[in-house]
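Single-structure report; data block below.
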Amino acid sequence: MNADARTDVDVVVVGGGPVGLMLACELRLGGARVTVLERLTEVDPTIKAGSITTPTAEAFYRRGMLPALAEVQEEALRQFRAFRWKQEENADPEEADRSRSEAQAPPPRFAGHFAGIMLRADRFDDSDPVFRSAGPAGDVGFVSQQEIERVLAERAELLGVELRRGVELTGFEAGDDGVTVRLARADGGEALAPLRASWLVGCDGGRSLVRKLAGFDFPGTPPLITGHQAIVEMTGTEELKPGWNWTRTGTYANGPGPRVLTVEFDGPPADREAPVTAEELQAGMRAVSGVDVTVTKVHTATRFTDNARQVTDYRAGRVLLAGDAAHVHAPFGGQGLNLGVGDAMNLGWKLAAVVRGRAPEGLLDSYTAERHPIGAWVLDWTRAQVALMRPEPHTHALRDVVAGLTDTTEGTTYLVKRISGVLQRYDLPGDHELIGRSAPDLEVKALEADGGSDGRLAGLLGAGRGLLLDLAGDPALRARTTGYGDRVDTVTAACPDRPELAALLVRPDGITAWAADADRTDASEAALDALTEALTRWFGAPAQAQAQAPTPAPATSSSP
């Protein structure tokens with residue numbers, strides 16, 4: 001079929017970066033027909049995010065992509081270890097011994113920094129149960145955005161996603177029954193045949209055209225800084241200190257490898273659109289570090305600010321937003337990519353269910369309700385880091401206090417919990433501690449020949465369907481799933497590591513929607529009724545009753 005003439009798709013996704021591709025893959029798993037529009041003809045090589053959080057790793061794990069990311073991480077860790085060895089050259093003996101030990105040891109489940117204050121591996125208590133529940137996903141964190149995009153593009157092709165590179169959206173008309181999307185070739189503006197779709201999702205970045213044309217409210221705080229991040233070649237670097245450094249004029253980071261970063265507190269750049277030049281990077285590094293370096297070559301560079309804004313609602317009729325199109329903030333801590341992937345996982349299965357008629361549009365109300373609070377937390381998290389980088393005496397004093405806290409096991413572990421995303425939770429109905437959280441990666445032993453278990457819970461979620469895990473062999477429990485066979489897989493299994501659990505209902509995005517313990521005998525009927533309510537809320541009415549009993553619209557909120 002001629003792609004330019006195609007006018008009958010369920011969803012048009014604008015933006016073929018990691019968020020748009022992840023969303024497209026999730027929509028295809030749910031049976032929706034998807035076209036992705038991407039103005040670039042190749043993966044953008046510009047330096048971007050270099051790590052992923054636990055929820056992002058879990059998403060890839062549950063869809064069978066974790067081995068590919070683990071291979072990428074091994075190469076990234078090799079480069080990081082080389083950087084740590086270089087740091088030893090200027091360290092005192094005690095610091096050198098610690099650096100050498102950290103460079104040789106396996107990485108913690110997630111490390112990182114807070115406002116440039118590095119979180120030490122020997123101050124991180126990864127025995128906390130919240131880290132263990134992620135299974136193998138908790139061991140993958142150091143992966144670049146470009147590699148994620150490559151892995152997702154391969155998966156999208158396998159799933160049958162139509163990815164149209166070199167094509168951009170120029171406008172659209174949205175009505176009650178769908179959206180007509182106007183297109184053009186990105187290299188010359190030649191108009192193409194429009195696409196007619198049921199839904200339009202903007203995953204087109206912080207300067208989203210979809211957001212602007214749809215008129216989304218986008219409040220927030222204005223930028224205070226100009227930041228640069230680049231891979232460069234420089235001379236005159238002998239006096240530059242490795243790692244993160246704070247000066248009387250700003251902040252700079254030197255390494256790993258040829259990576260540099262500068263933060264200047266002189267307001268936003270005059271022209272965000274202009275190419276980043278060697279002269280600009282050189283001037284920034286000299287101003288912040290006080291060292292007369294000379295930038296001789298730029299391999300990749302980007303300019304950023306701390307503009308922090310978020311749409312008030314992620315949906316306007318038939319138009320939705322995900323990723324940076326819905327929220328922008330400073331890149332410190334690498335939260336942006338992860339926040340966007342979380343949006344895609346949350347929205348994908350819900351929108352597919354609406355498209356395929358398995359749920360009413362009211363299900364989409366839970367998208368904003370669940371994701372907006374987590375986005376708001378990320379904005380505040382990055383604002384706090386910018387505040388802690390200010391080049392003035394009061395902030396220097398405060399940073400010393402925070403650095404002291406991170407030099408304790410409790411302080412570092414708390415920050416890692418927040419940065420890694422393991423504390424994220426949606427406020428869903430029910431009292432069980434697992435409800436609203438990412439489902440633990442339980443070791444399961446299938447008791448049915450057709451259970452499909454590969455030994456871990458994550459292996460049961462690859463198809464992007466709901467999962468009822470019956471750990472008590474309860475026929476009454478399984479009877480409640482009658483009519484949901486096309487949406488929810490039911491597996492009877494034993495769980496050696498969590499014998500107190502009787503059952504779990506897991507949404508397609510891996511979130512626990514309902515759970516019961518093995519000692520629920522006194523409230524068995526009430527627990528079963530709660531299961532029925534959760535099934536109806538998230539998966540619609542059972543097949544034989546869909547026409548008579550529409551799904552109530554979920555009303556949820558979230559906490560990071």
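Just so you know, all these numbers are worked out from the coordinates, no wet-lab data involved. Everything numeric in this text was worked out from a predicted model, so none of it was measured. Positions of Cβ are generated from backbone atoms using ideal geometry, with glycine treated the same way; all protein chains shown enter the neighbour counts.
With the Cα gyration tensor of the chain giving a ≥ b ≥ c as the square roots of its eigenvalues, does the rule (a/c under 1.5 for rounded; else a/b larger than b/c for prolate; else oblate) give rounded, prolate or oblate? Because a/c hits 1.5 or more and a/b fails to exceed b/c, the chain counts as oblate. Take the alpha carbon atoms of segment 522-542, find their center, do the same for segment 1-70, and report the distance between the two centers in whole angstrom. A separation of 33 Å, based on Cα centres. For segment 342-465, a/c is not less than 1.5, where a ≥ b ≥ c are the root eigenvalues of the C-alpha gyration tensor, and a/b does not top b/c. That puts it in the oblate class. Summing Cβ point charges (Lys, Arg +1; Asp, Glu -1) relative to the Cα centre of the chain gives a dipole of roughly 880 debye. In this structure the amide hydrogen of M234, modeled in the peptide plane, comes within under 5 Å of the amide hydrogens of T296, none closer than 5 places in sequence on its chain.
For segment 28-72, GluC sites (Glu not before Pro) are listed when DSSP marks them as loop and at most 12 other Cβ atoms sit within 10 Å of their Cβ; the list is E42. What is the helix-to-structure angle for 524-539, meaning the angle in degrees between its Cα long axis and the longest Cα principal axis of the chain, kept from 0 to 90 and rounded to the nearest 10? Approximately 70 degrees, to the nearest ten.
Rounded to the nearest 500, the 222 nm mean residue ellipticity of the chain from helices alone is -10500 deg cm²/dmol, with -39,500 (n - 2.57) taken per DSSP H run of at least 4 residues. For W244, the amide hydrogen comes within under 5 Å of the amide hydrogens of N254, counting only partners 5 or more places away or on other chains and with H modelled in the peptide plane. Over the chain, Cα pairs under 8 Å with separation of 6+ residues give a relative contact order of 18 percent.
The distance separating the Cα centre of segment 267-286 from that of segment 338-363 comes to 39 Å. If the chain linking T237 and T300 were pulled fully straight, counting 0.36 nm for each residue of separation and taking away their Cα-Cα distance, it would gain 20.8 nm. Around the Cα centre of segment 487-533, unit charges on the Cβ atoms of Lys, Arg, Asp and Glu (plus for the first two, minus for the last two) sum to a dipole of about 220 debye. Using only the Cα atoms of segment 182-222, build the gyration tensor, take square roots of its eigenvalues as a ≥ b ≥ c, and label the shape rounded, prolate or oblate: rounded if a/c is under 1.5, else prolate if a/b is larger than b/c, else oblate. Oblate is the answer for segment 182-222, as a/c is 1.5 or above yet b/c matches or exceeds a/b.
Charge dipole (Cα centre; +1 on Lys/Arg Cβ, -1 on Asp/Glu Cβ; no other charges) of segment 124-259 amounts to roughly 340 debye. For segment 283-299, backbone phi angles converted through the Karplus equation (6.51, -1.76, 1.60; θ = phi - 60°) give residue-by-residue couplings of 5, x, 5, 5, 5, 8, 8, x, 9, 7, 6, 10, 7, 9, 7, 10, 8 Hz, Gly and Pro being listed as x.
With angles folded into 0 to 90 degrees, how steeply does helix 145-159 sit against the dominant principal axis of the chain? Use alpha carbons for both and round to 10. So the helix axis and the longest Cα principal axis differ by about 30 degrees. Cross-chain or 8 or more residues apart, Cα under 27 Å: how many lysine pairs in the chain fit that? Count them up, please. Here the count comes out as 9.
Roughly how many Å is it from the Cα centre of segment 127-168 to that of segment 210-230, as a whole number? Going from one Cα centre to the other spans 25 Å. From most to least packed by mean Cβ count within 10 Å, the peptides 179-186, 342-349, 268-275 give 342-349, 179-186, 268-275. Note that segment 261-274 has calculated 3J(HN,Hα) couplings of 9, 10, 10, 10, 8, 10, x, x, x, 5, 9, 6, 8, 5 Hz, one per residue in order, obtained from phi through the Karplus relation 6.51 cos²θ - 1.76 cosθ + 1.60 (θ = phi - 60°); glycine and proline are x.
Scanning residues 5 or more positions from L321 or on other chains, those with amide H under 5 Å from its amide H are G202, with H placed 1.01 Å from N in the peptide plane. Phi-derived couplings, Karplus 6.51 cos²θ - 1.76 cosθ + 1.60 at θ = phi - 60°, listed residue by residue for segment 349-361: 5, 5, 5, 4, 5, 5, 4, 8, x, 8, 8, x, 4 Hz, with x used for Gly and Pro.
Taking segment 316-359 and a reference point 7 angstrom along Cα→Cβ of D217, the backbone N atoms nearer than 14 Å belong to 316. In this structure, E361 and A476 have a Cβ-Cβ separation that, at R0 = 30 Å, corresponds to a calculated FRET efficiency of about 0.40.
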